[in-house]
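J.: One structure, as structure tokens, below. Some questions next.
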């Protein structure tokens, strides 16, 4: 699924552009949904719950002569704790290295304190595009006050309403990005989609089901790791461990008679089989690892 990063230097790269496009914003502004719409597949997990994305996700999209290296980032938030600080650091780093920075705002809830603070700080960035996402959920005339606010906070930024879910104005965004990227050869081969491993995405697909099927704060108290990956004939055998932070939450994840864990595994296996294009035998275990969100070594193993 991934390949080594390489500079493509041939006659085909004449008049080409390549650069990093960072998707940033407050939690639940639609960054992952937009990335998936652009890429054409569910590369980044997305749920209705905020702060689903923990790691920076890289995805490559080729648009005409332009190669856009998208970075989907964790939501900018004010939560405390080591895991949140590392998520915020990953987002900040991606924003700093962006050739073009797209700041997403959920139009159905308007500009929040985070949006106002960040837009003021980004006012001097040479290439900022503010995306008023979820335009399908508000009346067109209600977008005008938000556009005016953005113009006052970040006068150098371009503003584009769109709907990542329905795809409205996404093509317009791609055309706009193509004119903002620096000239130069492509940095990845034509067929490269991401630099993330299949193991990473398998863990993410299990974690997505935890967000979808667990209630309240439980999804935020778990981490997922792929423990083994072996092929036997036509079947890929994958063992996954779900780590939770206390003994009391373990039975909630497993469910009565193991029914909830079985449901999580069944749903995750379907998406994993589409990813790896193979029959999959998926085993999931649940272990207690107290205080894992504050363990720097464990978080490093999780890519944070």
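The values are calculated or read from the model by the stated rules, or taken from the named source; none is laboratory data. It should be emphasised that the depicted structure is a prediction, and the values quoted were computed from it without experimental measurement. Using ideal geometry, Cβ is built from the backbone for each residue, glycine included, and neighbour counts are taken over all protein chains shown.
J.: Taking the stretch 202-220 on its own, how many of its residues are buried (at least 20 other Cβ atoms within 10 Å of the Cβ) and touching a helix residue (DSSP H, G or I) at 6+ places or on another chain (Cβ under 6 Å)?
T.: Here the count works out to 6.
J.: If I ask for residues that are within 17 Å of residue 15 (Cα to Cα) and in contact with a strand residue (DSSP E or B) (Cβ under 7 Å, 6 or more places away or on another chain), which ones from the stretch 62-75 would you list? Steps first, please.
T.: From the stretch 62-75, those within 17 Å of residue 15 (Cα to Cα) are 62-68; that's our starting set.
Scanning the stretch 62-75 gives 65, 66, 67, 68.
J.: Separate question: If I ask for residues that are surrounded by 14 or more Cβ atoms within 10 Å (Cβ to Cβ) and within 25 Å of the chain's Cα centre (by Cα), which ones from the stretch 250-269 would you list?
T.: 253, 261, 263, 264, 265, 267, 268, 269
J.: So is residue 277 at pLDDT below 95 and over 15 Å from residue 203 (Cβ atoms) or not? Spell out how you get there, then give the answer.
T.: On the way: at pLDDT below 95: yes; over 15 Å from residue 203 (Cβ atoms): yes.
When the stated conditions are applied, residue 277 passes them.
J.: If you scan the stretch 128-140, which residues turn out to be assigned to a helix (DSSP H, G or I) and surrounded by fewer than 18 Cβ atoms within 10 Å (Cβ to Cβ)? It would help to see each step written out before you state the result.
T.: The initial filter retains those residues of the stretch 128-140 that are assigned to a helix (DSSP H, G or I), namely 135-137, 140.
136, 137, 140, listed by residue number.
J.: Name the pairs whose Cβ atoms lie under 6 Å apart, with the first residue in the stretch 283-304 and under 16 Å from residue 200 (Cβ atoms), the second in a loop (DSSP other than H, G, I, E, B), and 6 or more positions between them or separate chains?
T.: 303/55
J.: Separate question: Specify which of the listed residues (173, 119, 153, 143) is at pLDDT 95 or above and either surrounded by 18 or more Cβ atoms within 10 Å (Cβ to Cβ) or touching a strand residue (DSSP E or B) at 6+ places or on another chain (Cβ under 7 Å) (or both). Step through it out loud before you land on a result.
T.: Numbers: 119 fails: at pLDDT 95 or above; 153 fails: at pLDDT 95 or above; 143 fails: at pLDDT 95 or above.
None of the others qualify; the one that does is 173.
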